[in-house]
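The values are calculated or read from the model by the stated rules, or taken from the named source; none is laboratory data. Just so you know, these numbers come straight off a predicted model, no measurement behind them. Neighbour counts run over all protein chains shown; Cβ positions are idealised from the backbone, glycine included. The accessibility values were calculated without ligands, DNA or RNA, using every heavy atom of the protein model including side chains. Shrake-Rupley method; radii C 1.70, N 1.55, O 1.52, S 1.80 Å.
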Amino acid sequence: MEKTDKINVVDWWSEEYIRSLPVHKKDGLTTHKVPDAIFWRQRKDGSRQKYFLEYERSLKAPGRYGKIFQFYAKRKDVKDRNVVYICETEQIRDKLVKIENELVKGGKLKATDLYFSFIALEEFNRAYAHDKAEGKARRILTERKRAGM
């Protein structure tokens with residue numbers, strides 16, 4: 001994601017970095033809930049937008065997601081679907097979407113599409129795998145083919 005030309009990542013905090021921060025710099029994150037990463041992207045207007053990144057290789061117990069989703073929903077810096085869940089499979093993605101819907105129906109979250117963005121890993125790779133270097137190499141090969149090389 002840091003190398004793609006589709007999003008301009010200007011700062012990246014790994015889970016290990018976040019855990020190593022002094023408590024007063026963790027901004028409400030606890031030892032029980034630390035995202036896999038936090039990153040900021042540069043918007044076209046020059047402002048920065050914060051994202052929380054979670055990678056789900058396998059499913060946790062459904063009850064844990066309720067607590068995690070509510071934790072994020074209470075944060076003032078969570079809005080506009082800036083908690084991104086990259087899911088190993090489409091089945092995991094679909095299950096998380098279902099859990100979010102159930103929490104909304106049960107009155108534990110305001111609405112869907114406010115806090116979370118769920119994407120399967122394969123879909124994510126298709127969207128972001130073409131980094132600047134690959135794009136440049138592809139352009140060079142295309143130019144060479146056009147030139148008959």
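Of K26/K50; K25/K79; K74/K108; K26/K110; K79/K108; K67/K105, which sit over 18 Å apart, Cα to Cα?
Values: K26/K50 14 Å; K25/K79 21 Å; K74/K108 11 Å; K26/K110 26 Å; K79/K108 16 Å; K67/K105 15 Å.
Correct reply: K25/K79; K26/K110.
Using the Cβ of L21 as centre and a radius below 13 Å, the other residues enclosed give a net charge of 0, where K and R count +1 and D and E count -1. Placing dummy labels 7 Å off each Cα toward the beta-carbon, the span from A61 to A127 is 3.1 nm.
With a ≥ b ≥ c taken as the square roots of the eigenvalues of the C-alpha gyration tensor of the range 6-85, please select rounded if a/c is under 1.5 and otherwise prolate if a/b is larger than b/c or oblate if it is not? Prolate, since a/c reaches 1.5 and a/b exceeds b/c. Neighbours of K95, meaning other residues whose beta-carbon lies under 11 angstrom from its beta-carbon, give a summed charge of -2 when Lys and Arg score +1 and Asp and Glu score -1.
Inter-label distance, R43 to K26: 2.9 nm, where each label sits 7 Å from its Cα along the C-beta direction. Counting only protein heavy atoms and using a 1.4 Å probe, the accessible area of R81 comes to about 90 Å².
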